[in-house]
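Here is the structure we will look at.
The values are calculated or read from the model by the stated rules, or taken from the named source; none is laboratory data. Only a predicted model underlies this, so the values are computations on that prediction, with no experimental measurement involved. Cβ sites come from the backbone with ideal geometry, for glycine too, and all protein chains shown count toward neighbours. For accessibility, only protein heavy atoms count, side chains too; no ligands or nucleic acids. Shrake-Rupley method; radii C 1.70, N 1.55, O 1.52, S 1.80 Å.
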Amino acid sequence: MGLVLLAVIWLITLISTYFFVAKSWFPHGASVAAPWIDHQFTLTLVIMGVVFIAAQMALGWLAWKYRDHPGAKPVEYSHGNVKLEAIWTTLTAILFVGLNLMGSHVWASERFEPAKPDSVKVEATGAQFAWFFRYPGKDGTYAATSAKNISAEEQNPLGMNMDDPDAKDDVVSGVMYLPVNREVDLTLKSQDVIHSLFIPNMRFKQDAVPGLAIHMHFTPVETGDFEVTCAELCGLGHYKMHGMLKVVTQDEFDKWLASKEAEKQ
C-alpha cells in the first residue's frame, strides 16, 4: 500500500507540474513594464515549483519508508526540532521578503514615482457597468465634475460642469486611445462601487475606489487593439464591463483627439 501511495503522490505531482509549465499564463506583453513583471512571475513560479516538487517527493518517499509492513520497527515519537523549524522559517522569510524586494521597483515605478512632464493625461472612470475615458484637451486641465450633473440624456456620463471653461475641450470616450511609446498619466476614479481597471497586455491592474483619484502611469510599446476589463466583482452586470484600448501612432492619436474636439464645437 505504501508503494501505491508513493506512486499516486508522485504521479499527481508530476502531472500538475506539467500543466503549470505548459500553460501560457499571460497574453503578449505590450508595455515597458511587461518584461519585468513576466520575469518576476516566472522566477516566483520556478522557485515555488522546486519547493513544491521537493516537498511532494519527500511526502511520497516518507509514505513508503514508514509504511506498515511485517517486521517494521516502531518510529520514535518526536516533539519537534526547534533548530530545524527555525531554519525553514528563516529560509521562508528570506525567500518571501527577497521576492517582494525584487518586484518592488516595478511596482513603485508605476505608482509612487511621478509621471513624466510630457506624458499623456487620461482619466478612467468606472461606472456600473462601463468604462469612460476622459482627456483634458489642449489646456491640460479637467473640468470639475459632480454626481448631480450625471445625465445620459445630455450625454454627460461623468457629470461635468458644462459652465466650467475647462469643459469646452474635455473629450470623453468609451474607447481609450493612446499614442505608442509615450507614457500615460492615468487617473482612476469610480462613480459607485469598487472597480478594477485591468489591461492584461499592458500588465496593468489597479482598483478604482469611490471618492479617490488614484494616479498611475505606464507606457505602451506596441500599436494594436487591447482588451480592457473590470477585475473586481462589481454587480450583476460585471461580466459585460468590457472596454477597448487602441494604441496608435502619435499622428493618428492627434487626429483622433482633434476630431473629437471638433465634434464639440
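Trypsin sites (Lys or Arg not before Pro) within region 25-115: which are DSSP loop residues with at most 14 other Cβ atoms inside 10 Å? Write down the numbers at each step before the final one.
On the way: sites: Lys65, Arg67, Lys83, Arg111; in loops: Arg67.
Within region 25-115, the qualifying trypsin sites (Lys or Arg not before Pro) (loop, at most 14 other Cβ atoms within 10 Å) are Arg67.
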Note to self: Contact order normalised by length for region 4-76, with contacts defined as Cα pairs under 8 Å and 6 or more residues apart; what percent is it?
What the structure shows: 65 percent
Notebook entry, point to check: Taking H as built 1.01 Å from N, whose amide H comes closer than 5 Å to the amide H of His215, not counting residues under 5 places away?
Noted result: Leu188
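By DSSP, what percent of the beta bridges with both residues in the chain are antiparallel, rounded to the nearest 5? Present the calculation step by step, with values, prior to reporting the outcome.
On the way: 29 of 41 bridges.
Here the share of antiparallel DSSP bridges comes out near 70 percent.
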Notebook entry, point to check: Under a GNM of the chain (C-alpha, springs under 10 Å), which listed residue has the highest mean-square fluctuation: Ala127, Ala54, Ala144?
Noted result: Ala54
Margin query: Over region 22-136, with the other protein chains present, what is the accessible area per residue in square angstrom, probe 1.4 angstrom?
Written below: 70 Å²
Item checked: For Ser119, distant residues with modelled amide H under 5 Å away -> none
Next item on the list: Mind listing the long-range amide H neighbours of Val221? Cut-off is under 5 Å, sequence gap 5 or more, other chains count too, H placed in the peptide plane at 1.01 Å from N.
Entry: Ser31, Val32, Asn181
Margin query: For Cα pairs less than 8 Å apart in space and 6+ apart in sequence, what is the mean separation divided by the residue count of region 90-183, i.e. the relative contact order in percent?
Written below: 26 percent
Check: At each listed q (0.15 Å⁻¹), what is the log10 of I(q)/I(0) that the Debye formula gives for region 147-208 modelled as equal alpha-carbon point scatterers?
Finding: -0.64
Checklist line | Under the Karplus curve 6.51 cos²θ - 1.76 cosθ + 1.60, θ = phi - 60°, whole-Hz ³J(HN,Hα) for region 111-119, x wherever Gly or Pro sits | finding: 10, 9, 7, x, 6, 5, x, 9, 5
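Over region 191-265, what is the relative contact order in whole percent, taking alpha-carbon pairs under 8 Å and six or more residues apart?
Working: 90 pairs, mean separation 21.0, N = 75.
Here the relative contact order equals 28 percent.
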Next item on the list: Evaluate the Debye formula for region 84-203 with equal point scatterers sitting on the alpha carbons, no solvent, and hand back log10 of I(q)/I(0) at q = 0.11 Å⁻¹, in q order, two decimals.
Entry: -0.52
Check: Tell me, what ³J(HN,Hα) does each residue in region 91-98 have, in order and in whole Hz, if you take phi through Karplus 6.51 cos²θ - 1.76 cosθ + 1.60 with θ = phi - 60° and put x for Gly and Pro?
Finding: 5, 5, 5, 4, 5, 5, 5, x
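For region 80-178, which whole-number percentage of the solvent-accessible area (1.4 Å probe, protein heavy atoms only) is attributable to carbon and sulfur atoms? Could you put the intermediate results ahead of the total?
Working: 3660 of 6070 Å².
Its accessible area is 60 percent carbon and sulfur atoms.
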Notebook entry, point to check: What accessible area per residue comes out for region 201-245, rounded to a whole number of Å², with a 1.4 Å probe?
Noted result: 49 Å²
Next item on the list: Please provide three numbers in whole Å: the alpha-carbon extents of the chain along the principal axes, with the largest listed first.
Entry: 94, 36, 34
Notebook entry, point to check: In cubic angstrom, how much convex hull volume per residue do the alpha carbon atoms of region 38-140 span?
Noted result: 205 Å³
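Students often check this: by mean Cβ neighbours within 10 Å, which of 87-95, 201-209 ranks highest, and how do the rest follow? Present the calculation step by step, with values, prior to reporting the outcome.
Values: 87-95: 10.7, 201-209: 20.8.
By packing density, highest mean first, the sequence is 201-209, 87-95.
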Next item on the list: Along Cα→Cβ, 7 Å out, is where each label goes; now give me the distance between the ones at Ser109 and His69 in nm to one decimal.
Entry: 5.6 nm
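Sorting Ser196, Ser24, Ser146 by accessible area (1.4 Å probe), largest first, what list results? Each step should come with its number before you reach the end.
Numbers: Ser196 0, Ser24 95, Ser146 40 Å².
Ranked list, largest accessible area first: Ser24, Ser146, Ser196.
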Check: Within the chain, what is the longest stretch that has no GluC sites (Glu not before Pro) placed in a DSSP loop and near at most 14 other beta-carbon atoms within 10 Å?
Finding: 155-265
Check: Of the listed peptides 12-18, 253-259, what is their order by residue-averaged count of other C-beta atoms within 10 Å, with the highest listed first?
Finding: 253-259, 12-18
